[in-house]
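S.K.: Here it is, the structure, as structure tokens.
The values are calculated or read from the model by the stated rules, or taken from the named source; none is laboratory data. Predicted model, so just to flag it, every value in this text is computed and none were measured. Cβ atoms come from the backbone with ideal geometry, glycine included; neighbour counts cover every protein chain shown.
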Amino acid sequence: MRGLFLRHADPSAVPQRGTRLRLATDEVAYDLIAPIQCEPLGPRASLGPDPLRGMWQAATAYMPLGRDAGQVVSDPDAPDERRVCKRERCRRCGAAVRTWQLASRTAYACPVDQSG
């Protein structure tokens, strides 16, 4: 699962409003708040035969990478690279990256992968 995760040292903390998925152990919890390339309103068939298994496999593969890197990892083959952040073109499709100001920060998005 690719996206923005928040890490909580206290796994009993209430998930933030808008959390899509929570993965927790006895010591720590991770909340997925901004999934990448996720179509929540699409038909269930578009998610494949077992969407939870696929999400869990992706999460268990990506979470250790992010923990070890100390940041969100969007590409396991290049953990220090970003697809769109501070780039002129998307690493995946080559489209020009769109930027805008959001709460005094610059937000980045690929108009092809992150439409809407």
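S.K.: Starting from residues that are of a type in the set (K, R) and modelled with pLDDT under 70, keep the ones in segment 1-45 and report whichever is farthest from R83 (Cα to Cα).
M.R.: Residues of segment 1-45 of a type in the set (K, R): 2, 7, 17, 20, 22, 44.
Now drop any that are not modelled with pLDDT under 70, which leaves 2, 44.
On the way: R2: 11, R44: 27 Å.
Filtering first and then ranking leaves R44.
S.K.: Turning to a different aspect of this structure: Residue by residue through segment 100-114, note down the ones that are exposed (fewer than 15 other Cβ atoms within 10 Å of the Cβ) and not aliphatic (A, V, I, L, M).
M.R.: Within segment 100-114, W100, Q101, S104, R105, T106, P111, D113 qualify.
S.K.: Please go through segment 83-116 and give me each residue that is part of a loop (DSSP other than H, G, I, E, B) and without any contact (Cβ under 8 Å) to a residue 12 or more places away in the chain, ordered by number. Spell out how you get there, then give the answer.
M.R.: Step one: of segment 83-116, the residues part of a loop (DSSP other than H, G, I, E, B) are 83-88, 90-95, 97, 103-104, 110-116.
Across segment 83-116, the qualifying residues are E88, G94, A103, S104, S115, G116.
S.K.: Further question on the same structure: Quick one: which residue in D77, D68 is acidic (D, E), in a helix (DSSP H, G or I) and at pLDDT 75 or above? Walk me through it before giving the result.
M.R.: On the way: D77 fails: in a helix (DSSP H, G or I).
Result: D68 is the single residue among D77, D68 that is acidic (D, E), in a helix (DSSP H, G or I) and at pLDDT 75 or above.
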